[in-house]
Amino acid sequence: MIINGRPLLSAWTDFVASIACFRDLKIQLFFRCNVHGETKTHVCTDCAKPFATNADLQRHIRSKQKTHQCVCDICGMSFSEKANLKSHMDSHSGAANHKCNKCGKIFRHRSSLSKHKKAKHM
């Protein structure tokens, strides 16, 4: 029997492999190990959390610091990342200027648009 141009056994094997991969992924994430061969060699000296890249480790360290360099001029809230401040500023503007290019629905936050696209258009 052929399904989607592939033999049934091949489709079944891929399905079983994806379930095994998901199970392994959950186990690896639980133990903070390698995910799909990605070695997490950069470790935080404070909490021992491992990261795949030095950039991820540095972002983690900045997020833990008491002094945040990016401060909102409107409410005084502070952020360790400029991107987080930019996203926060959307909440003050009240403007919904993030439009879905598939269905035209408009969102106030970029993250809401991303979640919408993943849920509705993928």
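A few remarks follow.
- Pairs linking a residue in the stretch 75-89 that is within 15 Å of residue 59 (Cα to Cα) and without any contact (Cβ under 8 Å) to a residue 40 or more places away in the chain to a residue that is of a type outside the set (Val, Ile, Thr) and in a helix (DSSP H, G or I), with Cβ atoms under 8 Å and 6 or more positions apart or on different chains, are 79/85; 79/88; 80/59; 80/62; 80/63; 81/59; 81/62; 81/63.
- Filter result (among the β-branched types (Val, Ile, Thr) and closer than 30 Å to residue 107 by Cβ) within the stretch 42-92: 53, 71, 74
- 2 or more residues closer than 28 Å to residue 40 by Cβ and touching a Cys at 6+ places or on another chain (Cβ under 7 Å): qualifying helices (runs of 4 or more DSSP H) within the stretch 50-122: 54-64, 82-93
Each value in this text was obtained by applying a stated rule to the coordinates, not by laboratory testing. Note that the structure is predicted; figures quoted are calculated from it, not measured. In this analysis, Cβ positions are derived from the backbone assuming ideal geometry, glycine residues included, and neighbour counts consider all displayed protein chains.
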